[in-house]
1. Checking understanding here: applying a Kyte-Doolittle mean of at least 0.0 and a length along the axis of at least 27 Å (C-alpha), which whole DSSP H helices in the chain pass?
2. Compute the length gained on full extension between residue 164 and residue 82: take 0.36 nm times their separation in residues and subtract their Cα-Cα distance, giving the result in nm to one decimal.
3. Which of the three applies to region 40-158, rounded, prolate or oblate, going by the alpha-carbon gyration tensor with a ≥ b ≥ c and a/c under 1.5 meaning rounded?
4. Rounded to a whole number, what % of the accessible area of region 55-175 do carbon and sulfur atoms account for, probe 1.4 Å?
5. Over region 82-186, what is the percentage of antiparallel beta bridges among all DSSP beta bridges, to the nearest 5?
6. In the chain, with Lys and Arg counted as +1 and Asp and Glu as -1 at Cβ, which of these residues, 29, 114, 151, has the Cα nearest the positive end of the dipole, that is, farthest along it?
7. Report, in debye and to the nearest 20, how large the dipole of the chain comes out about its Cα centre when Lys and Arg carry +1 and Asp and Glu carry -1 on their Cβ.
8. Please compute the per residue accessible area over the chain with all protein chains in place, 1.4 Å probe, rounded to a whole number of Å².
Amino acid sequence: MRRLGVVNRIVLGLLGLLLVALGAALLGGLWPWSGRADVVLSQAERERYQAEGWWWWAVLGGLALCVLLALWWFLSQLRRSRLAALLVDTGDGAFALLRGKAMERVVSAELAAVDGVARSHVTLHGRRSAPSARVRVLLAPHAVPADALDVLADQALAHAREATGLAELPAEARFDAESHHARRVT
């Protein structure tokens, strides 16, 4: 699972636990504040901590940390997980942009043309200058996984590296078998 997905689940889980605890406190009649004049820190507590120089810096630092973490989490939601374009060296000192979806389709089509591959799906991740590929391959019942892996490593990814001029294109491949039922013998 992606790192952002893990962070999202943890944040939502903690928020859910907080809301459940708050709901249980309300249902149980354990609400600690009774009216408008009731505050978290009483006048005496506020005055007691006012003399401590470290207290207000700790409070402000904790709140600033919470704001920065919330801002980081919000901005990470806006980040794309797929690579939109790749930088391709044209050989004359300039670079061209190759759409990521176009490269994904080409590698996927080359892999899907192999005997025994029912479907394939490729997604590019990483930076424009150093992409990585995630490949999902659905194998037909008669497929040999080693043959499909050889074609992926030796042909499809090699052609993609040559076409883009990349020194390396790391890939993570996941092979799944297509479900099938045994034929009925009568």
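1. 3-27, 53-78
2. 27.8 nm
3. Since a/c reaches 1.5 and a/b is larger than b/c, the shape of region 40-158 is classed as prolate.
4. After summing per-atom areas, the C and S share lands at 61 percent.
5. In region 82-186, approximately 65 percent of DSSP beta bridges are antiparallel ones.
6. Value computed over the given set: 29.
7. 580 debye
8. Working: 14020 Å² over 186 residues.
Averaged over the residues of the chain, the accessible area is 75 Å².
The values are calculated or read from the model by the stated rules, or taken from the named source; none is laboratory data. None of the values given here were measured: they were computed from a predicted structure. Methodologically, a virtual Cβ is constructed for each residue, glycine included, from the backbone with ideal geometry; neighbour enumeration extends over all protein chains shown. Note: areas computed on protein heavy atoms with side chains; ligands, DNA, RNA excluded. Shrake-Rupley method; radii C 1.70, N 1.55, O 1.52, S 1.80 Å.
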